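The values are calculated or read from the model by the stated rules, or taken from the named source; none is laboratory data. Keep in mind that this is a model prediction, so the values were computed, not measured. For neighbour counting, all protein chains shown are included, and Cβ atoms are generated from backbone atoms with ideal geometry for every residue, glycine included.
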Ligand SMILES: CC(C)(COP(=O)(O)OP(=O)(O)OC[C@H]1O[C@@H](n2cnc3c(N)ncnc32)[C@H](O)[C@@H]1OP(=O)(O)O)[C@@H](O)C(=O)NCCC(=O)NCCS
């Protein structure tokens, strides 16, 4: 499913690692207009996959949950993706949010209890997407990048995109939601963005 000009969500067809690999190859081949055999993917020391040929000037990132595969891609620079279901967040959000900055924990605590898992999922996916765009992943915790300035946390989707900062870089983060049966899927996509005031 095409979510916007550059993001696709494959539902239910890529649960196993080999299926995810094939889906990614097919996606990249179609986007780049090349045979799959010509697409070589390497991994950096942190495990982030990237195209072996930098001349293609094409960046991508993947995330998967419960058989859903999200591939975010960009022709303008590094990109990160994260996908979760709110149902998966319900039993873990309280413990997992202790890794957030105190101001973000306070944002969650101020919400009505039933709204907290979705709000947590939104914070988590945005942070992880940015950290995956930057390439570090979540090894250094989830306090940074911060989202304590988010003023529409209790609002239902759709949400407006935000800018987030990490490692001196600025990322534009967009959220997507998709209801599948009783399950609400939430995904975030982070793409390098010019810093405010920079041309
Ligand atoms: C990357 C990471 C955030 C994945 O989190 P997750 O919620 O378990 O999984 P997701 O489905 O969202 O993402 C997994 C995908 O992210 C990508 N990925 C892996 N490492 C990555 C990194 N450092 N940065 C960005 N993307 C990465 C891969 O495409 C991976 O899918 P694949 O293994 O099927 O190829 C987490 O593993 C992490 O923080 N890793 C840090 C680096 C690390 O510890 N590396 C170990 C080897 S040194």
### In segment 75-89, the residues that are at negative phi and not in a helix (DSSP H, G or I)
75, 76, 78, 79, 80, 81, 82, 83, 84, 85
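Per-residue answers, yes or no, for (1) modelled with pLDDT of 95 or more; (2) farther than 21 Å from residue 61 by Cα:
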{"position": "92", "(1), (2)": "yes, yes"}
{"position": "95", "(1), (2)": "yes, yes"}
{"position": "123", "(1), (2)": "yes, no"}
{"position": "130", "(1), (2)": "yes, no"}
{"position": "158", "(1), (2)": "no, yes"}
{"position": "166", "(1), (2)": "no, no"}
## Note on the structure
Checking 166, 79 in turn, the sole residue that is under 14 Å from residue 189 (Cα atoms), crowded, with 17+ Cβ neighbours inside 10 Å and within 16 Å of the ligand (Cβ to nearest atom) turns out to be 79
### Query
Any residue at all in segment 143-153 that is assigned to a helix (DSSP H, G or I) and more than 19 Å from the chain's Cα centre (by Cα)?
no
### Message
Residues that are closer than 19 Å to residue 60 by Cβ and touching a residue at least 40 places away in the same chain (Cβ under 8 Å): does segment 136-156 have at least one?
### Response
yes
### Task
Could you please give the count of residues in segment 34-50 that are outside any helix (DSSP H, G or I) and either over 25 Å from residue 140 (Cα atoms) or away from the ligand (no atom under 14 Å from the Cβ) (or both)?
5
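Return yes when residue 108 is modelled with pLDDT under 95 and crowded, with 16+ Cβ neighbours inside 10 Å and no when it is not.
On the way: modelled with pLDDT under 95: no; crowded, with 16+ Cβ neighbours inside 10 Å: yes.
Considered against the rule, which asks whether it is modelled with pLDDT under 95 and crowded, with 16+ Cβ neighbours inside 10 Å, residue 108 comes out as no.
Mind telling me which of the residues 107, 131, 118 ends up being away from the ligand (no atom under 16 Å from the Cβ), in contact with a strand residue (DSSP E or B) (Cβ under 9 Å, 6 or more places away or on another chain), part of a helix (DSSP H, G or I) and touching a residue at least 40 places away in the same chain (Cβ under 8 Å)? Talk me through it step by step, then tell me what you get.
Values: 107 fails: in contact with a strand residue (DSSP E or B) (Cβ under 9 Å, 6 or more places away or on another chain); 131 fails: away from the ligand (no atom under 16 Å from the Cβ).
Criteria check complete, one pass: 118.
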### Query
Got at least one residue in segment 16-23 being at pLDDT below 95, within 16 Å of the ligand (Cβ to nearest atom) and under 28 Å from residue 169 (Cα atoms)?
no
### Query
Does residue 172 count as outside any loop (DSSP other than H, G, I, E, B) and without any contact (Cβ under 8 Å) to a residue 40 or more places away in the chain?
yes
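Would you say residue 98 is under 18 Å from residue 126 (Cα atoms) and loosely packed, with under 13 Cβ neighbours inside 10 Å? Reasoning before the result, please.
Working: under 18 Å from residue 126 (Cα atoms): yes; loosely packed, with under 13 Cβ neighbours inside 10 Å: yes.
When the stated conditions are applied, residue 98 passes them.
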### Checklist (1) without any contact (Cβ under 8 Å) to a residue 40 or more places away in the chain; (2) more than 12 Å from the ligand (Cβ to nearest atom); (3) more than 28 Å from residue 147 (Cβ to Cβ); (4) surrounded by 14 or more Cβ atoms within 10 Å (Cβ to Cβ) applied to residue 93, failing item
(3)
